[in-house]
Amino acid sequence: MNSILSELNKLTTLSIVVPCYNVENYLYASLNSLREACLDSIGVVDLVLVDDASQDNTLELLRRHPIQHDPRFSIQLISLDKNVGPGVSRRIAIEHSRGDFIAFHDADDIALEMRFIYQLQSFISDSKLGMIGGSLLMARENAPFVQVFPCNHEALLVESIFCCPIWGCATMLRRSSLIDVPPPELRIGEDWLHAFRLAKHWRIGSIAQPVVKHLIHSGQTMQSEGATNHAVFNVWREVLSALGIHDPTMDQLALHAAVSPYWSYPLGSPMSNLHERVNMKNWQAWRSTIFSANDKTRIVSPVLLQERLDRIDLVLQVVQQPFVRHLPVRRNF
């Protein structure tokens, strides 16, 4: 570990970008977690804070937080006049950042102690790695759980057909990868689409250990904006098009949503009524379409795609059983 920390100090400069919008209730603890994270071996960290036209005391708290006087951080504070959303806020922060590596941190999340060391170590070990994510401790009231993602490039690429494989709140980028693939100009879903596009030019990866404690609450963009389905469907259209499925119908997209782990979206229904919305004959036809399209384009590993489709088959067979239909089980394919 000591040799790794020494190499980090010599070879890396780190920027942490933090978009902030109406997070007065969470900001103090969130920024404290950055101070408590293992950063001493990295040198001075470039911290870019963006207030996205907050309507509460977020901007004032950013100005007064003790991190402003912490010598381990060089701080840039940007205040926007108009709310643009977390995706665009991150783009603005990236444009002002100076580090060789750029970590995203949400202002209502808690960074776990070894997050930045684990992720930087992965970049040092793999010069072709352009983006790294990690598992998440999901802090949902009365029902905490760990969100685990595949760790290797090929499996993450398969996952991106169905859902976001690397969440923005746990992302770290190699700056040079942005030359090939800049972040998409989207308000929602930019992390998902960025990972998919980047995977064509660089390797993507994920840390098996949780790196962030992610708080789920009603004030988040993904929880509160009515355009969520529209944004997610647009991401699916680009991903499916790359796979070789052009202009999918709304019925096909609704079916794709139903078998994808997006339980928070109206068209990604909970397990309790999944059996009502997925006709097995239609699913088998859609499954065949996905596999046949990839058989021609070879965008993802056919073997891993087969395994992923088989897992969906298994879940759909289980939820057809009457005793399962009303169980309060969180769906995760």
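Here, each number is a calculation from the coordinates, and none is a lab measurement. Computed from a predicted structure; not experimentally measured. We place every Cβ from the backbone using ideal geometry, glycine too, and count neighbours over all the protein chains shown.
Couple of notes before you dig in:
- Compared with the alpha-carbon gap, the fully stretched path from His246 to Asn279 is longer by 9.7 nm at 0.36 nm per residue.
- Length-normalised contact order of the stretch 2-221 in % [C-alpha pairs under 8 Å, at least 6 apart]: 24
- Amide hydrogen proximity for Met138: with H placed 1.01 Å from N in the peptide plane, the residues at 5 or more positions away or on another chain lying under 5 Å are Phe145, Val146, Gln147, His214.
- The mean of 1/r over all distinct Cα pairs in the stretch 2-221, once inverted, gives the Kirkwood hydrodynamic radius of 17.3 Å.
- Partner lysines for Lys200 [C-alpha distance under 19 Å; skip if fewer than 8 residues away on the same chain]: Lys128, Lys296
- Theoretical gain in end-to-end length, His96 to Arg175 [0.36 nm per residue, Cα-Cα removed]: 27.2 nm
- Each peptide in 232-239, 54-61 was scored by the mean count of other Cβ atoms within 10 Å over its residues; highest first, the order is 232-239, 54-61.
- Long-range amide H partners of Val50 with built H, under 5 Å: Val18, Cys20, Ile78
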